[in-house]
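Q: Pasting in a structure now, in structure tokens, and then I'll have a few things to ask.
The values are calculated or read from the model by the stated rules, or taken from the named source; none is laboratory data. This one's a predicted model, so the numbers in the text were calculated from it and none came from an experiment. Note that each Cβ is placed from the backbone with ideal geometry, even for glycine, and that neighbours are counted across all protein chains shown.
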Amino acid sequence: MTDTNPKASAAGRFTFPGTTLSVNRMGYGAMQLAGPHVFGEPSDPEEAKAVLREALSLGIDHIDTSDFYGPHVTNRLIREALHPYPANLVLVTKIGAWRDEAGGWILERNADFLRKSVEDNLDRLGVSQMPIVNLRMGSPEDDVAAPMKVMRQMQEEGLLAHIGISTVSAAQLRTARDLAEIVCVQNHYNLVHRTDDAMIDALAEDGIAYVPYFPLSGFTPLQADRLSEVAGDLGRTPQAVALAWLLQRSPNILVIPGTSKRAHLHQNVAAAELTLGSDHISQLDGLGNADQR
């Protein structure tokens, strides 16, 4: 059985490079607070706000959001539930996309759009400066230099304190780092999707945070017989084991699992207190991209 009041602090802390921002490595992703497919209103807005308040009570001080979740839904809920914010809360947002009327995800990174996106986040969250803003890229061929220069300009103006980057290739990351100090990278990575292994190790050497999105395999739940076997051995959920594996994979990994239910939140945060033994780590390391059995 897991502790009914797990503590996010059990996973340890991380300080973003070149900043005074320090967070527990167990954080929270707000995406699932919006409606189905991250579009529209949640079915239970009061439970959504209760999840946010409960996250803080469990020691979470890093919340990942975006104004295009909903759109505008998660930021509004965060403000309604948590404003005025605790001094230690680090809100991280993402820009570079918008939602059409059908709920499609439209990438856009021109200067006017990026500036308007930051301003919208500031307005809806009720803050004067974003602690960290991630620039969301698309394909590896997309130009990162021009939008990164816009990010740097907004940083100099004080709209955002620090810059991160998301859905980025190794080459794009190198270009971005030539133009600005990058404090975090947010890419798709989990127990069975591990194409960023080399990037994680390189970032760890430089003390830069790696924040995997879809840490539990996105909209389709992570399923693997070997993962279920390890979870059974430990008496934990497969999700908690998968999150614990991420936390033990590298000290620069910050996890931001999302949920719209308090009970599920407790299960996720309990992963911060779970230490996997070497035998279980070996079993899980063998999954990778090609073998999900």
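Q: With (1) in contact (Cβ under 8 Å) with a residue 40 or more places away in the chain; (2) over 24 Å from D285 (Cβ atoms); (3) surrounded by fewer than 22 Cβ atoms within 10 Å (Cβ to Cβ) as the list, and A204 as the residue in question, which single condition is left unmet?
A: Unmet condition: (2).
Q: Oh, and also: Which members of the range 217-272 meet the condition of being assigned to a loop (DSSP other than H, G, I, E, B), in contact (Cβ under 8 Å) with a residue 12 or more places away in the chain and β-branched (V, I, T)?
A: T237, I256, T259
Q: How many residues, within the range 1-14, are in contact (Cβ under 8 Å) with a residue 24 or more places away in the chain and outside any helix (DSSP H, G or I)?
A: Going through the range 1-14 one residue at a time, the tally reaches 9.
Q: Still on this structure: Let me spell it out: the conditions are (1) farther than 30 Å from S282 by Cβ; (2) at pLDDT below 95, and F219 meets all of them except one. Which number is the exception?
A: (1)
Q: Could I ask something else about it? Restricting attention to the range 147-175, report how many residues are surrounded by fewer than 18 Cβ atoms within 10 Å (Cβ to Cβ) and in a strand (DSSP E or B).
A: Residues flagged as surrounded by fewer than 18 Cβ atoms within 10 Å (Cβ to Cβ) and in a strand (DSSP E or B) within the range 147-175 amount to 1.
Q: If D225 meets every condition in (1) in contact with a helix residue (DSSP H, G or I) (Cβ under 9 Å, 6 or more places away or on another chain); (2) over 27 Å from L33 (Cα atoms) apart from one, which number is that one?
A: Here D225 meets the rest and fails (1).
Q: Of all residues in the range 90-126, which are assigned to a loop (DSSP other than H, G, I, E, B), surrounded by 15 or more Cβ atoms within 10 Å (Cβ to Cβ) and without any contact (Cβ under 8 Å) to a residue 60 or more places away in the chain?
A: If the condition is that a residue be assigned to a loop (DSSP other than H, G, I, E, B), surrounded by 15 or more Cβ atoms within 10 Å (Cβ to Cβ) and without any contact (Cβ under 8 Å) to a residue 60 or more places away in the chain, then E108, R109, G126 are the ones that fit.
Q: So which residues in the range 23-52 are assigned to a helix (DSSP H, G or I), of a type outside the set (G, A, S) and at negative phi?
A: M31, Q32, L33, P36, P45, E46, E47, K49, V51, L52
Q: Considering each residue of the range 127-140, count those that are in contact with a helix residue (DSSP H, G or I) (Cβ under 7 Å, 6 or more places away or on another chain), over 16 Å from I78 (Cβ atoms) and assigned to a strand (DSSP E or B), and give that number.
A: 1
Q: Then there's this: Based on what the data block shows, is V144 of a type in the set (V, I, T), over 29 Å from L56 (Cβ atoms) and buried (at least 16 other Cβ atoms within 10 Å of the Cβ)?
A: Yes, satisfied.
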